[in-house]
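Trainee: The structure follows.
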Amino acid sequence: VLAPDRRLELIDWAARRDAVIIEDDYDAEFRYDRDPVGTLQGLAPARVFGLGTVSKSLAPVLRLGWIVSPPALAGALTAIKQVADRGSPGLDQLALSLLIEAGRYDRHLRRMRAEYSARRDVLVQSLDEHVPGIRLTGLAAGFHAVVHLPAGATEHEVIERARQRSVGLYGMSSCRSDHHEEPPQLILGFGNTSQRQIKEGIARVGDLLRPPG
Ligand SMILES: Cc1ncc(COP(=O)(O)O)c(C=O)c1O
């Protein structure tokens, strides 16, 4: 998340170049212990495309999202979308709009925010219990935490040994363009994992995440 002065600098930069900004606000609904961050789109509606999605809040398989467009570019954007895929499925959009209008989407977000926050807490507690002192980051929002492995550990070895214990782990190297494993880190997702599974999973692999000796 950009600091407030950096946000203003970015908008100023775009204005000087007559550029637009694409703001991918995809995890905005799931922030846990900090206040919601205002959007760039709200600060500069004529310059910023604000992107949102139901992939995180409902299900990725729906393939529905939205773009809040600068008014002057909305026509061109609509034309491009039409050429790209002739539009998203109408029935699916109608169902989503009913869910939103009835207030059920908001209720669902509130319920799931509490649930994901509880899962995140279970993850932090389980790691604390089995791997005291472990460094964890990325906890403020979304469904992923980053575990910083001890120096000398290798991602693929930890992942392979966890796999032999039927626990699926993902390394940060898979998100790097050069697939480099330094520094060794794991991405722990809790978006589709129950509190019980999180506890059991960490108990099973905790020793792999501890420094040797
Ligand atoms: C950075 C980022 N933006 C957006 C999305 C959502 O993409 P989509 O709405 O196409 O599923 C994701 C999904 O993981 C993401 O990682």
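Trainee: Given Cα pairs under 8 Å that are at least 6 residues apart, what percent is the relative contact order of region 1-85? If you can, show how the numbers build up before the last one.
Mentor: Working: 85 pairs, mean separation 19.7, N = 85.
In percent, rounded to a whole number, it is 23.
Trainee: Where the centre of each part is set by its Cα atoms, how far does region 176-200 sit from region 18-96, in angstrom?
Mentor: Region 176-200 and region 18-96 have Cα centres separated by 27 Å.
Trainee: Identify which of ASP25, ASP178, ASP33 has the largest mean-square fluctuation in a Gaussian network model of the chain, with springs joining Cα atoms closer than 10 Å.
Mentor: Comparing ASP25, ASP178, ASP33 in a Gaussian network model of the chain, the most mobile one is ASP178.
Trainee: Which value in Å does the Kirkwood hydrodynamic radius of the chain take, with 1/r averaged over all unlike C-alpha pairs and then inverted? Please report the intermediate quantities before stating the final value.
Mentor: Working: mean 1/r = 0.0500 Å⁻¹.
About 20.0 Å, per the Kirkwood formula over Cα pairs.
Trainee: Output the relative contact order of region 31-137, whole-number percent, from Cα pairs under 8 angstrom with separation of 6+ residues. Intermediate values should be presented prior to the final figure.
Mentor: Numbers: 57 pairs, mean separation 18.9, N = 107.
The normalised contact order for region 31-137 reaches 18 percent.
Trainee: Please compute, over every Cα-Cα pair in region 172-213, the percentage with a separation greater than 13 angstrom.
Mentor: Working: 553 of 861 pairs.
That tail contains 64 percent of the Cα-Cα pairs.
The numbers here are math on the coordinates, done by the rules we state, and not lab data. Keep in mind it's a predicted model, so treat the numbers as computed, not measured.
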